[in-house]
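Below is one structure, written out as structure tokens; comments come after it.
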């Protein structure tokens with residue numbers, strides 16, 4: 001790789017169309033089926049993550065409808081207890097591992113982060129593509145198991161001893177454990193790609209103190225993923241060893257510890273909430289700033305809050321275990337920490353409100369979803385404060401009050417911002433603006449339906465209805481509230497159908513977007529919609545926190561990057577000064593083949609431990625192909641041609 | 001220390017500033033880890049003061065981060081702003097972050113210690 005100091009100059013008289021043609025040829029992705037599997041460009045992989053995750057949102061939603069249909073009246077026989085156990089386990093696992101994280105962190109992150117940084121591709125694009133295929137592999141394993149009556153039935157957290165070999169014979173719990181390995185390796189891979197992109201691929205001038213809030217949040221989430229995910233992989237790995245190899249990590253009779261599993265799981269599980277929520281907050285910060293037509297209020301307090309949330313998220317996991325009989329010190333310590341984490345989230349809320357208050361609000365469709373987020377997440381946060389208190393937690397433990405709380409937090413913190421983000425970046429992804437009227441129908445149907453369903457669950461919980469029961473007797477008097485809760489699902493389903501109609505209709509007949517239909521300040525709006533394969537004709541430089549608002553028309557751009565190979569600019573992690581040029585590895589089929597080999601080894605290990613030593617050579621072969629050097633880069637052309 | 005407009009730099013983050021950025025987190029993690037680890041010993045032996053001492057020490061460590069952050073903040077040129085593109089602007093911003101992190105986590109440590117003072121650590 002050549003190392004050269006890029007030259008900063010004015011973007012004038014450079015033969016832009018010739019350059020664009022050359023860059024398009026250099027950065028184009030191969031076509032056809034082979035090309036589809038070889039594609040490593042972040043916009044394509046990001047959209048794949050989002051589309052795949054959305055499909056699993058719909059599948060998880062269908063399971064939720066089944067749950068509500070089963071509970072709509074007492075002693076209902078629509079679903080038997082065994083299938084019900086599988087359905088609620090699949091619903092939780094699908095929504096958390098196959099939808100929320102892949103959509104909110106991976107999908108949006110992979111698509112938006114390089115564009116916001118001013119980069120031509122994500123760092124480690126092959127690792128990024130590999131992560132996508134591995135995620136799909138995990139999803140297929142989980143749903144393949146469910147469709148063949150081997151779906152996990154041990155809850156989305158698969159507590160031992162229920163999920164241990166004594167109480168869960170067969171392979172249902174194994175499939176859950178291995179799905180965890182798939183999806184968490186995928187998330188780790190993307191976290192490394194995103195963190196590296198943010199730290200090393202930022203446009204010159206985008207110093208640490210000028211990074212958009214979204215990049216700060218993605219950076220913190222990436223680090224949280226890197227620290228949190230190994231815990232759950234260890235938990236699921238040890239569970240697999242207990243089940244398949246006969247170890248006793250979680251078997252008290254042999255010196256094991258069941259609480260160890262809960263500690264490991266929730267050390268991941270609670271940061272996971274913030275791994276899902278912070279991307280939502282990042283979208284809200286971006287959308288609120290854009291449609292308030294002013295800079296975000298309190299940039300520094302928001303950054304402090306985001307980083308503090310990322311850290312404090314690791315100090316509250318024990319509040320999920322208050323009912324396990326922990327020492328008093330633990331309870332008081334984690335109660336305090338759980339209450340303290342409200343503060344940084346509250347700071348972000350006040351900054352958003354202040355931004356709107358001091359701005360000139362435009363109530364466009366993405367903003368409507370942000371207001372929905374404010375309302376719903378606030379209610380979830382307030383019930384969270386209640387649950388942080390040990391006496392309240394013990395009273396409502398494992399009741400529908402908890403179900404109501406975490407749906408307010410997760411749907412409020414993820415789904416509402418997700419729709420805000422989809423409507424916001426839909427023009428950039430597709431080149432067309434989504435229909436506003438249909439979007440408003442979507443919002444109101446979903447918002448009303450959501451509150452009918454989940455606000456009612458608070459009362460069901462306070463009346464003592466436990467979670468995870470497949471039916472109840474008429475003498476419990478829960479059927480009225482259950483019927484109300486189930487009726488809300490009709491509205492939510494209708495809202496989602498309207499959204500799908502809107503997407504397909506807008507893709508064909510939507511208003512043409514142009515480069516920057518919202519007049520936003522982010523770098524991602526400086527190129528055509530959808531972005532060309534090279535993203536930026538010239539890598540931009542940045543003169544303020546809001547580049548398209550702050551920078552003058554003659555803002556310098558980076559020139560000197562070659563157009564005959566996939567060159568990217570690497571900058572200093574703090575000051576974003578140009579340091580050297582890097583070469584993007586380009587499209588390759590090997591990440592896909594590597595993911596197939598890894599998947600085969602993972603799936604095989606569910607049935608026999610020998611799959612690991614047998615599968616390892618296959619994985620090594622694909623990794624060798626992946627990393628095989630391709631010889632020297634083409635000879636550079638004379639400078640005047642660049 | 002008076003601010004100077006002609007201050008030079010070597011491009012590296014000052015040590016005091018680095019400490020300021022990590023002190024709060026480190027102190028809080030230490031408080032959590034050590035308190036959790038020594039709780040049984042403290043309650044069994046009756047030496048409750050151990051837990052209070054840990055919190056006090058960690059509180060002081062977090063505050064030391066605020067102090068070093070404040071000193072670095074004072075060293076920057078008057079022209080430094082939170083949003084500028086120069087080294088000094090970036091360090092100025094980091095100093096603000098360092099002070100905020102240290103102070104926030106000092107508060108978190110106190111919040112965690114209060115129940116132990118009021119209720120006792122072993123009840």
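Before moving on, here are some points about what is shown:
- Residue A:338 being within 10 Å of chain B (Cβ to nearest Cβ), in a helix (DSSP H, G or I) and out of contact with any strand residue (DSSP E or B) (no Cβ under 9 Å at 6 or more places or on another chain): no
- Scanning segment B:34-48 for residues that are within 14 Å of another protein chain (Cβ to nearest Cβ) and either within 20 Å of residue B:23 (Cβ to Cβ) or in a helix (DSSP H, G or I) (or both) returns B:34, B:35, B:36, B:37, B:38, B:39, B:40, B:41, B:42, B:43, B:44.
- Unique match (being in a helix (DSSP H, G or I), surrounded by fewer than 22 Cβ atoms within 10 Å (Cβ to Cβ) and more than 10 Å from chain B (Cβ to nearest Cβ)) among A:369, A:357, A:352: A:357
- Members of segment B:98-119 that are under 16 Å from residue A:343 (Cα atoms) and either touching a residue at least 40 places away in the same chain (Cβ under 8 Å) or more than 7 Å from chain A (Cβ to nearest Cβ) (or both): B:101, B:102, B:103, B:104, B:105, B:106, B:107, B:108, B:109, B:110, B:112
- For segment A:571-589, taking the residues that are more than 14 Å from chain B (Cβ to nearest Cβ) and surrounded by fewer than 21 Cβ atoms within 10 Å (Cβ to Cβ), the one that is nearest to residue B:87 (Cα to Cα) is identified as A:580.
- Screening segment A:373-480 for helices (runs of 4 or more DSSP H) wholly inside it with 2 or more residues that are surrounded by 21 or more Cβ atoms within 10 Å (Cβ to Cβ) and under 24 Å from the mean Cα position of the chain (by Cα) returns the ranges A:400-410, A:416-430, A:436-462.
- Hey, residue A:238 within 14 Å of chain B (Cβ to nearest Cβ), surrounded by fewer than 24 Cβ atoms within 10 Å (Cβ to Cβ) and over 20 Å from residue A:351 (Cα atoms) or not: no
Results for (1) buried (at least 19 other Cβ atoms within 10 Å of the Cβ); (2) within 24 Å of the chain's Cα centre (by Cα); (3) modelled with pLDDT under 95, shown as yes or no for each residue.
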| residue | (1), (2), (3) |
| --- | --- |
| A:2 | no, no, yes |
| A:14 | no, no, yes |
| A:32 | no, no, yes |
| A:36 | no, yes, no |
| A:90 | yes, yes, no |
| A:99 | yes, yes, no |
| A:103 | yes, yes, no |
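For every residue, the table says whether it meets (1) more than 11 Å from every other protein chain (Cβ to nearest Cβ); (2) over 17 Å from residue A:350 (Cβ atoms); (3) surrounded by 21 or more Cβ atoms within 10 Å (Cβ to Cβ).
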{"site": "A:279", "(1), (2), (3)": "yes, yes, yes"}
{"site": "A:284", "(1), (2), (3)": "yes, no, yes"}
{"site": "A:289", "(1), (2), (3)": "yes, no, yes"}
{"site": "A:295", "(1), (2), (3)": "no, no, no"}
{"site": "A:300", "(1), (2), (3)": "no, no, no"}
{"site": "A:325", "(1), (2), (3)": "yes, yes, no"}
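- Among residues of segment B:1-17, those that are surrounded by fewer than 17 Cβ atoms within 10 Å (Cβ to Cβ) and modelled with pLDDT of 80 or more, counted: 1
- Taking segment B:81-93 as the range and being in a helix (DSSP H, G or I) and either farther than 30 Å from residue B:57 by Cα or more than 7 Å from chain A (Cβ to nearest Cβ) (or both) as the test, the residues that pass are B:87, B:88, B:89, B:90, B:91, B:92.
- Here A:224, A:308 are screened, and the one residue that is free of Cβ contacts under 8 Å to residues at least 40 places away in the same chain, at negative phi, crowded, with 22+ Cβ neighbours inside 10 Å and within 14 Å of chain B (Cβ to nearest Cβ) is A:308.
- Inspection of segment A:105-114 identifies no residue that is surrounded by fewer than 19 Cβ atoms within 10 Å (Cβ to Cβ) and at pLDDT 95 or above.
- Residues within segment A:317-344 that are under 25 Å from the mean Cα position of the chain (by Cα) and in contact (Cβ under 8 Å) with a residue 60 or more places away in the chain, tallied: 1
- Residue identified as surrounded by 23 or more Cβ atoms within 10 Å (Cβ to Cβ), touching a helix residue (DSSP H, G or I) at 6+ places or on another chain (Cβ under 6 Å), touching a residue at least 60 places away in the same chain (Cβ under 8 Å) and on the phi > 0 side of the Ramachandran plot among A:129, A:158, A:139, A:187: A:158
- So residue A:461, is it under 19 Å from residue A:400 (Cα atoms) and touching a residue at least 60 places away in the same chain (Cβ under 8 Å): yes
- Taking the criterion of being within 18 Å of residue A:282 (Cβ to Cβ) and touching a helix residue (DSSP H, G or I) at 6+ places or on another chain (Cβ under 6 Å), the residues of segment A:344-367 that qualify are A:344, A:347, A:348, A:351, A:352, A:355, A:356, A:366, A:367.
- For the criterion of being part of a loop (DSSP other than H, G, I, E, B), in contact with a helix residue (DSSP H, G or I) (Cβ under 8 Å, 6 or more places away or on another chain) and closer than 17 Å to residue A:229 by Cα, residue A:123 fails.
- Residue check for residue B:64: surrounded by 16 or more Cβ atoms within 10 Å (Cβ to Cβ), within 10 Å of another protein chain (Cβ to nearest Cβ) and not in a loop (DSSP other than H, G, I, E, B): no
- In segment A:544-569, the residues that are farther than 17 Å from residue A:582 by Cα, under 30 Å from the mean Cα position of the chain (by Cα) and assigned to a loop (DSSP other than H, G, I, E, B): A:544, A:545, A:546
- Look at segment A:527-551: where a residue is within 12 Å of chain B (Cβ to nearest Cβ) and without any contact (Cβ under 8 Å) to a residue 24 or more places away in the chain and a partner is assigned to a loop (DSSP other than H, G, I, E, B) and surrounded by fewer than 21 Cβ atoms within 10 Å (Cβ to Cβ), sitting 6+ places away or on another chain with Cβ atoms under 6 Å, you get A:551/A:543.
- Test: residue in segment A:546-555 that is surrounded by 21 or more Cβ atoms within 10 Å (Cβ to Cβ) and touching a strand residue (DSSP E or B) at 6+ places or on another chain (Cβ under 9 Å): yes
- Screening segment B:10-31 for residues that are facing chain A (nearest Cβ under 10 Å) and touching a helix residue (DSSP H, G or I) at 6+ places or on another chain (Cβ under 6 Å) and picking the one that is farthest from residue B:108 (Cα to Cα) gives B:21.
- Selection status of residue A:235, over 20 Å from the mean Cα position of the chain (by Cα) and under 16 Å from residue A:165 (Cα atoms): yes
The values are calculated or read from the model by the stated rules, or taken from the named source; none is laboratory data. Predicted model, so just to flag it, every value in this text is computed and none were measured. As a convention, Cβ positions derive from the backbone with ideal geometry for all residues, glycine included, and neighbour counts pool all protein chains shown.
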